[in-house]
Amino acid sequence: MIYTNLLIFLVAIFLFSMDTAAESPLLPGWLALAVFVFLLVAYDRFCRVVFGRKEAYVSAGYFRAEKTLMISALAFFMATLYLCDVKYYLAILSFGNRLPAFVNFSGLAIFLLYLSLMWRVSRINYGVVFGRRYPAAGFISSNIKINLPIVLPWVVLSLLYDLATLLPSPGLQKILASGWGDILFFVVFLFLVLLFFPPLVRRLWGCRRLPEGALRTHLTRFCRQQGFSAELYLWPLFEGQALTAGVMGLVPGLRYILLTPAIVETMSLAELEAVMAHEIGHVKKRHLLLYALLIGGFSVFLGIMAEPLIYLLLSQELLYSLMVKGHISPDTILTVVGAVPLLVCMIIYFRYIFGYFIRNFERQADLHVFSVLGSGHALISAFEKIATLSGDIRDKPSWHHFGIGERVEFLERSEADPRNIRRHDRKVRLSLLLYVAVMATMIGLVRSIPTEQLARQYEDRFAEAILLEKARQEPEKALWKRLLGDLMVSRKLERKALDAYEQALALEPANPDIMNNLAWLLLTSADISLRDPGRALNLARMAAVVHPRGYILDTLATAYWANGMVEEAIASARQAIFADPPQRKYYQIQIERFSRQTYDETLSPPGAANQVGGN
């Protein structure tokens, strides 16, 4: 349950993090609120349907229904983010973007609101399955406390980072602004979490110390014999009826072994020793630290990979064909490209790569029983008892622990052939080495991606897609065609620029900037076949009459020069000096050029100071 919930909450946090605050909302505030209420009501009705089924009143069906509805909550949450522009309306909570963590907390609260609707409905089923009835508020609060440790590190990290950026410390701000500052901050935070988080989790989960008595004395002595120290606590998971155990904490004084009351009551002393040996094995094999490194390593990798991967995808021509031909909003494409690949990477990583390691860590912890007890019989007996008492789940597969039947079979094979233990330890070591090597290689490959070049390509193509979409939405507005022509000029796509300027001029024949930019292109195009000095002169004359600014007079001077009218060209350049004194040096160079060369003697543009598009 915990691992599945971890994955679901990670997806929810990711969806909200990747969502962008729109400049203007898709729906007005009252309508967005109405849609949000509709989605809440629809999800509540769906929960009632799922938990109203007969199979949801038995243990396996209850957990299956809860898992289905948690995944469904993600879909409703995503619809809320998109349709209701949640970040747009929550932006006020960031205090001028100084504390964006508050916006993130509010987004997470919306997801918890959906889950709270599920828990409110499911408490009836819970009472039937586990024999304890809760009031709605108490049951929701209990479930939030169970899941809070999953999201609390992210909440605290976000808040601490925002507060750190507000501190008046130039040295700290320089570190945080550096390429490795975020990584260093995350590593320090992760270290603190590993040290001090277990006591908080223990309190949130309502664990209480294993009572004094013969059992506590025996298990404490058993731990000491293994050179191991940990506090023993009872874990009331599902009213204490779950048959499970766990260990958390790296430091002996802050390390706990959690045993559910059900496992204490149903297991023999030998079986409890085997369960303890398994949990001790996690610590001896450093699995707790490796879990943190596997999660932290992926977080660092995702942070390094995100920008190059997004730019690489955004540089693909297919996306822009979809935007232009499919009339898909550029913002929609940007959101999808920015979120979906990273979300897929995260799900694949945690479901398969992280899942692979935690399954094999569990198997390694199972095998530790041989070095403690000399045999796996007691642990096999404990597993068989858990499988039977939990609803005959022996053959049920598990993505994070292996199925109980698989674990029993592996223990039996290892009992018959102890070399299995060394082989599995070697498999885990080699897997970890391969993981490190692959991650290092992928980071190296990501760093070799020409991010800046891809970013420039993306910006140009994205701007083109936006302008084309604007031109489609407002076909009577010449501005978008002119800006598209300017963009095409900057990308040296002169035929496309000419087409865009011609379309803009047809819409606004007296617009001086359109006439100026088209005239400049007709005078300076690298494609000689596009040049037309005669038409350029007519356009430049009309532009100068309407708007005699320096850059337009410069175009007129160039047009006179191109048509062999040198005196008129020099006179127009001198007028440009009076109209635009800061560019005096450039215009004087132009005058010298007009006097020294003829237009036909050069095929290159006469200068770069003339502004396409005007001031």
- Query: When Cα extents along the principal axes in Å is calculated directly from the model, which label among (1) 83, 59, 47; (2) 112, 51, 47; (3) 94, 57, 49 fits?
  - Reply: (2)
- Alpha carbon centre of the stretch 359-398 versus the stretch 30-78: separation in Å? 34 Å
- Query: Among the listed pairs K87/K477; K67/K396; K284/K396; K477/K585, which are separated by more than 25 Å between their Cα atoms?
  - Reply: K87/K477; K284/K396; K477/K585
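Report the gain in length on full extension from M565 to L343: 0.36 nm times residue separation, minus Cα-Cα distance, nm rounded to one decimal.
Numbers: separation 222, 0.36 × 222 = 79.92 nm, distance 6.37 nm.
Here the segment from M565 to L343 would lengthen by 73.6 nm.
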- In the stretch 8-109, which GluC sites (Glu not before Pro) fall in coil by DSSP and have 12 or fewer other Cβ atoms within 10 Å? E23
- Treat every Asp and Glu Cβ in the chain as -1 and every Lys and Arg Cβ as +1, leave all other atoms uncharged, and give the resulting dipole magnitude about the Cα centre to the nearest 20 debye. 2020 debye
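Report the gain in length on full extension from V49 to F578: 0.36 nm times residue separation, minus Cα-Cα distance, nm rounded to one decimal. Working shown, then result.
On the way: separation 529, 0.36 × 529 = 190.44 nm, distance 7.89 nm.
So the chain would gain 182.6 nm between V49 and F578.
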- What residue among V37, L117, V193 has its Cα farthest toward the positive end of the dipole of the stretch 2-205, where the charges are +1 on Lys, Arg and -1 on Asp, Glu, each on the Cβ? L117
- Taking the chain and counting helices only, DSSP H stretches of n ≥ 4 at -39,500 (n - 2.57) each over all residues, the nearest-500 ellipticity at 222 nm comes to -24500 deg cm²/dmol
- Task: Compute the long axis of helix 566-579 from its Cα atoms, compare it with the longest principal axis of the Cα atoms of the chain, and write down the angle in degrees, 0 to 90, nearest 10.
- Result: 50 degrees
- At 7 Å along the Cα-to-beta-carbon direction for both I353 and F38, put a label point, then send me their distance in nm to one decimal. 4.0 nm
- Query: In degrees, nearest 10, range 0 to 90: what is the angle between the Cα axis of helix 404-416 and the longest Cα principal axis of the chain?
  - Reply: 60 degrees
- Query: Farthest toward the dipole's positive end in the chain, which of L445, A536, V408, given Cβ charges of +1 (Lys, Arg) and -1 (Asp, Glu) about the Cα centre?
  - Reply: V408
- Item | Percentage relative contact order, the stretch 504-601, counting C-alpha pairs under 8 Å, at least six apart | 22 percent
- Query: How far apart, in nm, are two points set 7 Å out from the Cα along the Cα-to-Cβ line at S142 and at M18?
  - Reply: 3.5 nm
- Expressed in angstrom, Rg and Dmax over the Cα atoms of the stretch 375-478 are 28.1, 83
- Message: Can you pull out the GluC sites (Glu not before Pro) in the stretch 382-491 whose DSSP state is coil and whose Cβ has at most 15 other Cβ atoms within 10 Å?
- Response: E476
- Which of Y352, Y435 comes first, and how do the rest follow, when ranked by fewest Cβ neighbours within 10 Å? Y352, Y435
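Quick check: residue separation of A91 and L215 times 0.36 nm, minus the Cα distance between them. What number comes out in nm? Mind dumping the intermediate values first?
Numbers: separation 124, 0.36 × 124 = 44.64 nm, distance 5.48 nm.
Between A91 and L215, full extension yields 39.2 nm more.
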- Obtain the radius of gyration and the Kirkwood radius of the stretch 71-140 from its C-alpha atoms and give Rg over Rh. 1.14
- Item | DSSP bridge orientation in the chain - percent antiparallel, rounded to nearest 5 | 60 percent
- Item | Per-pair calculated FRET efficiency, R0 = 30 Å: L113 and L167 via Cβ, rounded to 0.05 | 0.35
- Taking just the C-alpha trace of the stretch 504-601, give me its Rg and Dmax in Å. 12.7, 39
- Would you please state which residues of the stretch 422-453 a label at A306 would reach in this model, taking the label point 7 Å out along Cα→Cβ and a backbone N cut-off of under 20 Å? 439-440, 442-453
- Helix axis angle, 533-546 relative to the chain longest principal axis, alpha carbon, degrees: 80 degrees
- Quick one: if the Förster radius is 60 Å, what FRET efficiency do M439 and E476 give, using the C-beta to C-beta distance and rounding to 0.05? 0.65
- Computed E for T4/L493 - FRET, C-beta separation, R0 35 angstrom, nearest 0.05: 0.10
- Report the label-to-label distance for E502 and S381 in nanometres (one decimal), using points 7 Å from each Cα along the Cα→Cβ vector. 9.1 nm
- Going 7 Å from the Cα of Q226 in the Cα-to-Cβ direction, what parts of the stretch 271-311 have a backbone nitrogen less than 15 Å from that spot? 271-288
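Values quoted throughout were computed directly from the atomic coordinates according to the rules given, and no laboratory measurement underlies them. Keep in mind the model is a prediction, meaning the values are calculated, not measured. Glycine gets a Cβ as well: all are built from the backbone with ideal geometry, and neighbour counts include every protein chain shown.
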